[in-house]
Structures are given as structure tokens and as C-alpha cells.
Amino acid sequence: MGRPLVMGVVNVTPDSFSDGGRYLDPEAAVAHGHALLAQGADVLDIGGESTRPGATRPLAREELDRVVPVIEELARAGAAVSIDTMRAEVASAAVRAGATIVNDVSGGLADPEILDVAADTGVTYVAMHWRAHSDRMQDFTFYDGPVATVVARELADRVAAAREAGIAPAQLVLDPGVGFAKTPEQNWELLRDLAAVDDLGYPLLVGASRKRFLGELLAGPDGTPRPVDDREHAHVALLALLARHGVWGVRVHDVRAARDAIAVTEGLVGPS
Ligand code: PMM
């Protein structure tokens, strides 16, 4: 595809920061998936664990019960489905249910056996930059050099682990992990120097949609961050720049806005 792939987020969780609780009911999640497809989503990223800073983890059983019926239904309807999980058990069940992408925000650190699932099934594997589970990740914001350089180095380690497990280079996508163990300033520094991560030579996925660093950027005069549901204009501006950069994909909540931003970039510079 000439343009970045648009991955629409379906959070089947009670507590995600952006849409927690809205799609916990499987029928509501499936309907939301169809709505995102109608808006032009190329892939639906279905997740049953919130990674919001401070979140506590669901049990594996809860996570499975949330995502598997939704994946089955949407895959049966012909959607390309990605499973957003850090657990091998959930990834494996999701692939059996029809998912063709495993999106692991921990890059194999939380549950190394997830790498074997990706290797054995041949699905696309997204390895994101991550340092700790959400209840502790903001304690891990020390970078002993330029953020993007350190992120690239740590992602290179995840690539090595993935390759060691038998994942082929053509299966791998990397994600710099915007908002994960990073302060707002560090997120900007990372996005500014994304080329350092690009230099690893793998397709890049970026998820900045509705994240706190946008809220902080747009804070009111009293310092209150802009609320989650009022960050889309800023996100669209960022998406246009990311599309210009040539990223492989963007993970977004508002698919229509993302497609519009990408269309504008293509109109200006031609297909990437
Ligand atoms: N961010 C969230 C969840 N999953 N996956 C990838 N690959 N990249 C991300 O940046 C990412 C992710 C957190 O956002 P959400 O709670 O709105 O889903």
C-alpha cells in the first residue's frame, strides 16, 4: 500500500483512558469495529487489557473472554484483525479466532512465549518499545542518551529476541511506544528523531491518538491538560507529518480523521 495503513482501535476494556467501558459489551465492540471499517480502517486492533498509566492487569481468562468473541465475529465478516495483547495464551487464541497481526506492546518482554506464537503461526508481529507494566512504567523514564537512540537500541534487542525465536524479518513491525515510560517532552523528542528508529530497517507503527502528551501540549492557562476527547485536531496535524515521514501504519481511534490527514499528505506530496 502506498499510504500508511490505518489501524482502528477497539478497546474491549472497562478502563482504557480514551474509551474505557464504551465497548466492553461484545455487541458494542463488534458494532464499533464495523463503524471503523466503514470509516476506512484497514485493520482493527482489538485489545482486552488497558495499558493506561497506573492500570492494573486483568486475568488472562478475563482478557480471553473479552477479545475472542469479538475477533471471531469481525474476522468472520472479513475484517483484518490485530490482537493487542502481551500474553502468549491470548495471542494464540486470537490467531485461532482469525487475527493475522499480534500487537505486543511489550515487544516480548512481558511474556517471551508470545514470540513463539508469532514464529509458529507466521503472523505479523508488532514489537513496541516498553519497559514495565502500566502500574510502574512512569518510574522508568530515565534514558542514558537521546531518547530515540536509546529506544532504537532497546528495540534492536527485541528484534534479536524475535529473530532468535524464529520470527522472520518480513513478519516484524516496530513501534516506538509513544507514551510508554516516557514524559511528554521525551515523546516529542522521540517523534522528532524517529529516523533513529527507522534506521533499524523495519516498518514503523505509531500510536499517538488521544495520548496525554497531546493533552499537555494543549493545556489551558492553569495547566490543566486538554481532555481526552478534545485532542483530535492536534493528533490529525501530527498524523499528516507522520504520513509525510513514511510510517507503515498509524494506530488511531478516529479513523475518518486519520484517513483525511493521510489524504491531505498524499495530495501535497503524492503517494508515499
Ligand atoms: N498504545 C496503546 C495500546 N496499544 N499498541 C501499539 N502498537 N502502539 C501504541 O502506541 C499503543 C498500543 C494505548 O492506547 P489506548 O489505551 O488508547 O488503546
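The values are calculated or read from the model by the stated rules, or taken from the named source; none is laboratory data. What you are looking at is a predicted structure, and each value in this text was computed from that prediction instead of being measured. Cβ placement follows ideal geometry from the backbone for every residue including glycine, while neighbour counts extend to all protein chains displayed. Heavy atoms of the whole protein, side chains included, go into the accessibility calculation; ligands, DNA and RNA do not. Shrake-Rupley method; radii C 1.70, N 1.55, O 1.52, S 1.80 Å.
Here is how the number arises for the chain: DSSP H runs of 4 or more residues each give -39500 (n - 2.57), the sum is divided by the residue count, and the result at 222 nm is -13500 deg cm²/dmol.
A simple charge model with +1 on the Cβ of Lys and Arg, -1 on the Cβ of Asp and Glu and nothing else charged puts the dipole of the chain at about 420 debye relative to its Cα centre. With both labels modelled 7 Å from their Cα along Cα-to-Cβ, the Asp144 to Asp65 distance reads 4.4 nm. Rolling a 1.4 angstrom probe over the range 5-269 with all protein chains present gives an accessible area of which 51% lies on carbon and sulfur atoms. What shape does the chain have by the C-alpha gyration tensor, where a ≥ b ≥ c are the square roots of the eigenvalues, rounded means a/c under 1.5, and otherwise prolate means a/b greater than b/c and oblate the rest? Here the chain falls in the rounded category. Taking packing as the residue-averaged number of other Cβ atoms within 10 angstrom, the listed peptides 175-185, 221-231 run from highest to lowest as 175-185, 221-231.
Counting only protein heavy atoms and a 1.4 Å probe, the chain has 42 square angstrom of accessible area per residue.
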